[in-house]
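K.L.:
Attaching a single structure in structure tokens format; questions to follow.
The values are calculated or read from the model by the stated rules, or taken from the named source; none is laboratory data. In this text the structure is predicted, and so the values were computed from the model without any measurement. Here the Cβ positions follow ideal geometry from the backbone for every residue, glycine too, while neighbour counts run over all protein chains shown.
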Amino acid sequence: MKTVCYSRVFHMVLAILLMAGASVCAQTTSWKGTVSTSWSTASNWTNGVPTATVDAIVGDASFTGTFQPTISTSAATKNLTIGATNAPVLTIAKALTVSGNLVINTGGTVSHRGVTLTVKGNWTNGELTPALPPHRESPLPARHRLLRAHRLLPSGGSV
């Protein structure tokens, strides 16, 4: 009887570990861009549409389509990385909340027009070009200089 009990416990533990492993793997999704420009279309992503608990990557090896992503309904993601493959351009036409970090790598662009982009974690730009020479002071706070110096294109929205 003890063998049966240990066997059941072993199988239950194994099943739990397998389920936990599957959920860890599914916490990142990459833009494929094979169907349309719609951010909210699951088939444009490797693991479904990103959520506040799922990381999103735009511009990695999975980006094999021709469609650049556009957020046309309010959206959320955990961490957002804009890569460099296919010179990705993320167009934000409705509110986007990034509950973690936003990384815009060299070659990536975020086009932001008249909507709110909320980043609760760190904002990292991979293409640092100072707006002014180091010996001159800018009349703008540092966060505005970084936005101007990088590939974020705000137009009337709040960041």
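K.L.:
Which one is nearest to Thr109 (Cα to Cα), of the residues in segment 40-53 that are polar (S, T, N, Q) and free of Cβ contacts under 8 Å to residues at least 12 places away in the same chain? Break it down into steps so the answer makes sense when it comes.
P.N.:
Taking segment 40-53 and keeping what is polar (S, T, N, Q), we get 40-41, 43-44, 46-47, 51, 53.
Still in the running and free of Cβ contacts under 8 Å to residues at least 12 places away in the same chain: 41, 43.
On the way: Thr41: 21, Ser43: 22 Å.
Restricting to residues being polar (S, T, N, Q) and free of Cβ contacts under 8 Å to residues at least 12 places away in the same chain, the top hit is Thr41.
K.L.:
Which ones in segment 105-122 are at pLDDT below 90 and under 25 Å from Phe63 (Cα atoms)?
P.N.:
Selection gives Thr106, Gly107, His112, Arg113.
K.L.:
Scan segment 63-105 residue by residue and report those that are of a type in the set (Val, Ile, Thr), over 15 Å from Ser38 (Cβ atoms) and surrounded by fewer than 20 Cβ atoms within 10 Å (Cβ to Cβ).
P.N.:
Passing the criteria: Thr64, Thr85, Thr97, Val103.
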